[in-house]
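Asker: The structure's right below; bear with me while I get my questions together.
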Ligand code: F6P
């Protein structure tokens with residue numbers, strides 16, 4: 001960071017799948033802007049609201065009492081129109097009409113892809129804040145919402161375990177993660193799942209059956225298999241069907257946790273992470289940084305180019321996979 005830049009009026013938006021802690025990030029962006037003497041505008045419904053001119057001035061008290069709430073007060077969308085040059089030009093004209101000279105975009109890789117194109121094309125400095133329950137952005141150890149979602153999943157699976165154990169059943173529980181298995185793996189370790197099916201690796205059904213047989217031989221009377229929604233067989237119902245064809249020892253049930261995973265009050269971790277990233281995003285813009293994402297690496301904040309965050313893939317930790325296997329026997 002070098003010197004304070006000419007940024008005077010910041011716009012903030014949330015885009016893509018919502019995540020618990022997005023409100024804490026909005027609050028931090030708004031309060032940090034005002035603290036540093038900048039004006040701040042909330043853009044509704046992500047990039048679509050920017051195109052439609054749904055832009056409103058935010059004050060210190062506009063963000064009161066949202067720290068503990070899930071969802072996003074700015075609402076969210078996945079805008080098709082923003083993918084077009086015409087859409088982006090409309091959005092740019094609306095920002096200029098409001099005198100907005102910098103943008104904070106809170107979301108995942110789709111959000112950052114849009115942000116990068118927007119800055120490259122029209123020259124508005126953008127700072128990204130990683131907000132997605134999937135934790136799949138390259139360059140940051142954590143994204144806002146991941147911790148809360150893993151806690152929601154853990155709570156749900158603990159409940160499923162109670163009934164699984166009472167009835168000696170095998171449950172296949174599907175969790176979110178269209179392209180990534182971070183939620184599934186972390187939840188697997190925390191809930192003692194016998195196996196985790198990830199989008200990042202194709203485990204054969206024979207392999208899975210062998211694990212279940214081994215569990216039964218080790219006196220397991222009930223088990224939970226966690227299936228990430230993006231794994232290659234097509235989800236929990238299909239995995240359960242194929243397993244049952246080969247192995248019918250257990251009465252089998254399937255539970256899809258669905259969008260319950262995206263809701264709820266953010267955890268302490270997500271509130272703190274969001275608050276730190278929100279303040280840092282504004283201070284980075286003030287010091288002339290742009291086209292970057294605020295990241296948390298080894299417990300410190302740093303800036304990562306948006307191009308890197310969206311072009312590289314965040315890898316599943318192979319040691320965590322190994323540990324999940326070791327402790328599930
Ligand atoms: O990007 C977060 C995420 O929750 C994914 O894990 C999931 O596949 C997707 O969003 C679902 O999105 P939608 O709200 O469009 O159903």
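No lab work stands behind these numbers, since they all come straight from the coordinates. Quantities reported herein were computed from a predicted structural model and do not represent experimental measurements. Note that each Cβ is placed from the backbone with ideal geometry, even for glycine, and that neighbours are counted across all protein chains shown.
Asker: On a 0 to 90° scale, report how tilted helix 236-246 is relative to the longest principal axis of the chain, with both axes built from alpha carbons and the result rounded to the nearest 10.
Answerer: Tilt of helix 236-246: around 20 degrees.
Asker: In the stretch 37-66, which residues have a backbone nitrogen under 15 Å from the label point lying 7 Å from residue 86's Cα in the Cα-to-Cβ direction?
Answerer: 51-52, by backbone N distance to the label point.
Asker: Related question: So what is the calculated 222 nm ellipticity per residue for the chain, using -39500 (n - 2.57) for each DSSP H run with n of 4 or more, over all residues, to the nearest 500 deg cm²/dmol?
Answerer: Mean residue ellipticity, 222 nm, calculated: -13000 deg cm²/dmol.
Asker: Additional query: Please give, to one decimal in nm, the separation of the simple spin-label points placed at residue 68 and residue 210, each 7 Å out from Cα toward the Cβ.
Answerer: Going by the 7 Å Cα→Cβ label model, 5.1 nm.
Asker: By count of other Cβ within 10 Å, fewest leading, how are 60, 7 ordered?
Answerer: Exposure proxy ranking, most exposed first: 60, 7.
Asker: What is the fewest-to-most order of 316, 256 by other Cβ atoms lying within 10 Å of their Cβ?
Answerer: Placing the least packed residue first, the sequence is 256, 316.
Asker: Could you compute the FRET efficiency for residue 96 and residue 312, with r as their C-beta to C-beta distance and R0 at 30 Å, rounded to 0.05?
Answerer: 0.35
Asker: Once fully extended, how much extra length lies between residue 265 and residue 6, figured as 0.36 nm per residue of separation less the alpha-carbon to alpha-carbon distance?
Answerer: Computed gain between residue 265 and residue 6 is 89.6 nm.
Asker: Among DSSP beta bridges whose residues both lie in the chain, state the antiparallel percentage, nearest 5.
Answerer: Among the beta bridges of the chain, antiparallel pairing accounts for roughly 25 percent.
Asker: Between residue 117 and residue 155, 0.36 nm times their residue separation minus their Cα-Cα distance comes to what?
Answerer: Length difference between fully extended and current span is 9.8 nm.
Asker: Measuring from a point 7 Å past the Cα of residue 36 along Cα-to-C-beta, which residues in the stretch 95-112 have an amide N at less than 19 Å?
Answerer: Correct set: 99-107.
Asker: Shifting gears a bit: Semi-axes of the equivalent ellipsoid for the stretch 122-259, please: Cα gyration tensor eigenvalues, times 5, square-rooted, ordered largest first, whole Å.
Answerer: 31, 16, 11
Asker: Apply 1/(1 + (r/R0)^6) to the Cβ-Cβ distance of residue 287 and residue 78, taking R0 = 41 Å, and write down the FRET efficiency to the nearest 0.05.
Answerer: 0.85
Asker: Could I have the simple spin-label model distance between residue 323 and residue 168, label points 7 Å from Cα toward Cβ, reported in nm to one decimal?
Answerer: Between residue 323 and residue 168, the label points sit 3.4 nm apart.
Asker: Now, a different point. If I take every Cα pair under 8 Å that is 6 or more residues apart in the stretch 11-122, average their sequence separation and divide by the length, what percent do I get for the relative contact order?
Answerer: 38 percent
Asker: Ranked highest first by the average count of other Cβ atoms within 10 Å around their residues, in what order do 71-79, 206-214 fall?
Answerer: Answer by packing, highest mean first, reads 71-79, 206-214.
Asker: If you wrap a convex hull around the C-alpha atoms of the stretch 219-320 and split its volume per residue, what is the figure in Å³?
Answerer: 188 Å³
Asker: Counting only Cα, what are the radius of gyration and maximum Cα-Cα distance Dmax of the stretch 140-206, in Å?
Answerer: Rg, Dmax (Cα atoms, Å): 12.7, 41.
Asker: Still on this structure: State, as an integer percentage, the relative contact order of the chain based on alpha-carbon contacts under 8 Å between residues 6 or more apart.
Answerer: 25 percent
Asker: Pick from 258, 230, 278: which residue has the top mean-square fluctuation in a GNM of the chain where Cα pairs under 10 Å get a spring?
Answerer: Taking springs between Cα atoms under 10 Å, the residue moving most is 258.
Asker: I would also like to ask the following. Using the Kirkwood radius over Cα pairs, work out the Stokes-Einstein diffusion coefficient for the stretch 5-164 at 4 °C and 1.567 mPa s, in µm²/s as a whole number.
Answerer: Translational D for this selection: 80 µm²/s.
Asker: Kirkwood Rh, the chain, all Cα pairs: how many Å?
Answerer: 20.7 Å
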